[in-house]
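Structure record follows, encoded as structure tokens.
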Amino acid sequence: MSTPQQIRPGETLDVDRTDPAYRAWLKEAVRRVQADANRSADTHLLRFPLPEHWNIDLYLKDESTHPTGSLKHRLARSLFLYALCNGWIHPGRPVIEASSGSTAVSEAYFAKLIGVPFIAVVPRTTSREKCRLIEFHGGQCHFVDDPRTMYEASAALAAQTGGHYMDQFTYAERATDWRGNNNIAESVFRQLRLERYPEPAWIVATAGTGGTSATIARYVHYMQYDTRICVPDPENSCFFDGWTTGDPDVTCDCGSRIEGIGRPRMEPSFVPGAVDRMMKVPDAASVAAVRALESAIGRKAGGSTGTGLWSALKIVAEMVAEGQQGSVVTLLCDHGDRYLDKYYSDAWLAEQGLDIAPYTHAITTLLKTGVWSG
């Protein structure tokens, strides 16, 4: 244990650790990440077709159009800028992340952009396409059999290699500027400005880290909007249970089947007090919703999009029943092409024991009659 250094009267201790080579590398790395944002156009706000006489508009913020194909591109950019500006990332040393796939794809992209190695610690059940994309962007996959061990495995790898564990589950809510700076919430409200209901009644955002819901909710409160925030949670996830019971230490024994969202613990980046409402959504309902989305607008999406869409449709049904007008926004989180062997595979559904027929019927009935039976 060290003790404070003693100084003689009149003496000033002075230690200068300036590293010109590192500062030059850091400056160039930050420039490259910011340049990526500058090259990127905003993502689209798509309309989900509803009966005109309802006077309700349902939108999906299409985050699949980012360069790495998912909502996590925004998060990865923010995490890299945050870590770089904190002096946590160094040339030649790997960046390591615990991820169910999409964040790792995006972080692999940014690691390659600034020229550092990247290792993704992912569950062995992660879709083959996501693993291929991680490797396509220059990353490596380190597989774990139990998703609950991703955190410890990532920290251990960082210690062994001298790298940096990015830890999206801790830093997602603080790495993004929730007051604005073209975050996802500011983008949504700007795009709605000329719509007939520019201030949505609800924004529905699923939780993987909890960072997106925190950003949207904080921005809404900061801007003094009346918009409410709903966070749907899939099966085998602890956000809903932690939120409803007030117990941040709640855990579950297995991982979520809906990749990208749902966690076996309530992650530090989730901000429960900012959220108005939560729903627990059956996995079969999530799959039914993404298939209904393809029928409605011709776009395949991942299961997390289905979880959000199912909840958004339930809210729309409530508005119809109460004679309310207005708009609802949810997220199209990533491409469905990543999940052709899962959510679009009848064989996978049978293997998982998921029957989507009742939920498909509920969506069809709602769109035909305005009545919710889900």
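The values are calculated or read from the model by the stated rules, or taken from the named source; none is laboratory data. Since the structure is predicted, the reported quantities are computational estimates derived from the model, not experimental observations. Don't worry about glycine lacking a Cβ; one is built from the backbone with ideal geometry, like all the others, and counts go over all protein chains shown. Only protein heavy atoms, including side chains, enter the accessible area calculation; ligands, DNA and RNA are left aside. Shrake-Rupley method; radii C 1.70, N 1.55, O 1.52, S 1.80 Å.
Would you check which residues across segment 51-103 are touching an Asp or Glu at 6+ places or on another chain (Cβ under 8 Å), within 18 Å of residue 207 (Cβ to Cβ) and not hydroxyl-bearing (Ser, Thr, Tyr) and list them?
Within segment 51-103, 63, 71, 72, 73, 74, 76, 79, 97, 98, 101 meet the criteria.
So which pairs qualify, if the first residue must be in segment 3-30 and within 30 Å of residue 113 (Cβ to Cβ), the second must be modelled with pLDDT under 90 and not in a loop (DSSP other than H, G, I, E, B), the Cβ gap must be under 6 Å, and the two must be at least 6 apart or on different chains?
Note: no pairs meet the criteria.
Please work out if residue 21 is assigned to a helix (DSSP H, G or I) and either in contact with a Gly (Cβ under 6 Å, 6 or more places away or on another chain) or open to solvent by less than 60 Å² (accessible area, probe 1.4 Å) (or both). I'd like the intermediate steps shown before the answer.
On the way: assigned to a helix (DSSP H, G or I): yes; either in contact with a Gly (Cβ under 6 Å, 6 or more places away or on another chain) or open to solvent by less than 60 Å² (accessible area, probe 1.4 Å) (or both): no.
It is false that residue 21 is assigned to a helix (DSSP H, G or I) and either in contact with a Gly (Cβ under 6 Å, 6 or more places away or on another chain) or open to solvent by less than 60 Å² (accessible area, probe 1.4 Å) (or both).
Could you please give the count of residues in segment 230-259 that are under 15 Å from the mean Cα position of the chain (by Cα) and either open to solvent by 20 Å² or more (accessible area, probe 1.4 Å) or farther than 27 Å from residue 345 by Cα (or both)?
3
Exactly one of these conditions fails for residue 330: (1) farther than 27 Å from residue 65 by Cα; (2) among the polar types (S, T, N, Q); (3) under 24 Å from the mean Cα position of the chain (by Cα). Give me its number.
Of the numbered conditions (1) farther than 27 Å from residue 65 by Cα; (2) among the polar types (S, T, N, Q); (3) under 24 Å from the mean Cα position of the chain (by Cα), the odd one out for residue 330 is (1).
Can you pull out the residues in segment 301-343 that are outside any helix (DSSP H, G or I), at negative phi and surrounded by fewer than 24 Cβ atoms within 10 Å (Cβ to Cβ)?
Result: 322, 324, 325, 327, 335, 340, 341, 342.
Kindly provide the set of residues from segment 172-181 that are in contact (Cβ under 8 Å) with a residue 60 or more places away in the chain and either more than 15 Å from residue 269 (Cβ to Cβ) or crowded, with 21+ Cβ neighbours inside 10 Å (or both), ordered by number.
172, 173, 175, 176
Exactly one of (1) modelled with pLDDT of 95 or more; (2) assigned to a loop (DSSP other than H, G, I, E, B); (3) loosely packed, with under 12 Cβ neighbours inside 10 Å is unmet by residue 50. Its number?
Unmet condition: (3).
Keeping to segment 216-229, report how many residues are buried (at least 23 other Cβ atoms within 10 Å of the Cβ), touching a Pro at 6+ places or on another chain (Cβ under 9 Å) and over 29 Å from residue 282 (Cβ atoms).
0
Based on what the data block shows, is residue 107 among the acidic types (Asp, Glu), out of contact with any strand residue (DSSP E or B) (no Cβ under 7 Å at 6 or more places or on another chain) and either open to solvent by less than 10 Å² (accessible area, probe 1.4 Å) or touching a residue at least 60 places away in the same chain (Cβ under 8 Å) (or both)? Break it down stepwise before answering.
Numbers: among the acidic types (Asp, Glu): yes; out of contact with any strand residue (DSSP E or B) (no Cβ under 7 Å at 6 or more places or on another chain): no; either open to solvent by less than 10 Å² (accessible area, probe 1.4 Å) or touching a residue at least 60 places away in the same chain (Cβ under 8 Å) (or both): yes.
No.
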